[in-house]
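Presented below is the structure to which this report refers.
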Amino acid sequence: MILKIGITGGIGSGKSVVSHLLRLMNVPVYDCDAESKRLVVENADIRKRLTCLVGKALYHKSELDKQMLASYIFDDESHLQAVNMIVHPVVKSDFYQWAALQAKHFSIVGMESAILIDAGFENAVDVVVNVSAPIDIRIQRAVLRDHSSAELIRKRMDKQLSDEERCRLSDITIWNDDVHPIIPQVFSFLCQLKQNNK
């Protein structure tokens, strides 16, 4: 039986670093953000339903008008929920299919998602790992990475679950705070999971 790890964390927490380390430790990781962008373009059902929701101009041939979709989403909170209700079930189903293929070669797989808990994806995995860091460090990282302002990063953070809430709802927390070395933490929890999964 394949064991599925959910990797989550707020903006700038370093969940991608943990995913990268897991891949180096021979654990394939499904990137929800990248795969949902692919599915929004490639999946016929998503395309059909989003076109009905947003308008026929949303797709031109095989190209998605990202700006039009972003405008629709940010126009109203209910619009984001409507889009998520179309996209999230397909992403979850795609993850299950991907995990089933990986099961031929691996005993553990991961799923990385910033909104793992918010989107209800925690029931698609066996263990939820939260990557945590102090807010000031997270803002600093996100500003450098996204070339954005601290104010805009804070606004994006306000729309996500709080770090305290994520910690409470997770099975394991990894501290990526520039104090606790991250590699030993990832190695340790992975060894523990392998031991428990025997």
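The values are calculated or read from the model by the stated rules, or taken from the named source; none is laboratory data. Everything quoted here is computed from the prediction, not taken from an experiment. Heads up, the Cβs are rebuilt from the backbone with ideal geometry, glycines too, and the neighbour counts pull from every protein chain shown.
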*Please work out if Lys155 is modelled with pLDDT under 90, among the basic types (Lys, Arg), exposed (fewer than 13 other Cβ atoms within 10 Å of the Cβ) and closer than 23 Å to Val109 by Cα.*
no
*Taking the condition at pLDDT below 95, exposed (fewer than 11 other Cβ atoms within 10 Å of the Cβ) and out of contact with any Lys or Arg (no Cβ under 7 Å at 6 or more places or on another chain), does Ser62 pass?*
yes
*Could you please find all residues in the range 35-65 being of a type in the set (Ser, Thr, Tyr) and without any contact (Cβ under 8 Å) to a residue 40 or more places away in the chain?*
Thr51, Tyr59, Ser62
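Which of the following residues is touching a helix residue (DSSP H, G or I) at 6+ places or on another chain (Cβ under 7 Å), farther than 25 Å from Val27 by Cβ and either exposed (fewer than 13 other Cβ atoms within 10 Å of the Cβ) or modelled with pLDDT of 90 or more (or both): Ile135, Ile183, Ile174, Ile139? Before the answer, list the steps.
On the way: Ile135 fails: touching a helix residue (DSSP H, G or I) at 6+ places or on another chain (Cβ under 7 Å); Ile183 fails: farther than 25 Å from Val27 by Cβ; Ile174 fails: farther than 25 Å from Val27 by Cβ.
Exactly one of Ile135, Ile183, Ile174, Ile139 is touching a helix residue (DSSP H, G or I) at 6+ places or on another chain (Cβ under 7 Å), farther than 25 Å from Val27 by Cβ and either exposed (fewer than 13 other Cβ atoms within 10 Å of the Cβ) or modelled with pLDDT of 90 or more (or both), namely Ile139.
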*Could you identify the single residue in Ile182, Ile153, Ile139 that is touching a Phe, Trp or Tyr at 6+ places or on another chain (Cβ under 9 Å) and either under 22 Å from Ser113 (Cβ atoms) or in the same structural domain as Ser13 (by TED's automatic domain parsing) (or both)?*
Ile182
*Could you tell me which residue of the range 1-46 is farthest from the chain's Cα centre (by Cα), considering only residues that are surrounded by fewer than 18 Cβ atoms within 10 Å (Cβ to Cβ) and basic (Lys, Arg)?*
Arg23
*State all residues of the range 1-48 that are among the hydrophobic types (A, V, I, L, M, F, W, C), more than 25 Å from His180 (Cβ to Cβ) and touching a helix residue (DSSP H, G or I) at 6+ places or on another chain (Cβ under 7 Å); if no residue qualifies, say none.*
Ile2, Cys32, Leu39, Val40, Ile46
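Anything in the range 186-198 that is surrounded by 17 or more Cβ atoms within 10 Å (Cβ to Cβ) and over 18 Å from the mean Cα position of the chain (by Cα)? List them, or say none. First the steps, then the outcome.
Filtering the range 186-198 for residues surrounded by 17 or more Cβ atoms within 10 Å (Cβ to Cβ) gives 186, 189-190, 193.
Once the filter is applied, which keeps residues that are surrounded by 17 or more Cβ atoms within 10 Å (Cβ to Cβ) and over 18 Å from the mean Cα position of the chain (by Cα), the range 186-198 yields Phe189, Leu190, Leu193.
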*Does any residue in the range 1-13 that is in contact (Cβ under 8 Å) with a residue 12 or more places away in the chain come within less than 6 Å, Cβ to Cβ, of a residue that is assigned to a strand (DSSP E or B) and acidic (Asp, Glu) six or more places away or on a different chain, and which pairs are these?*
Ile7/Glu112
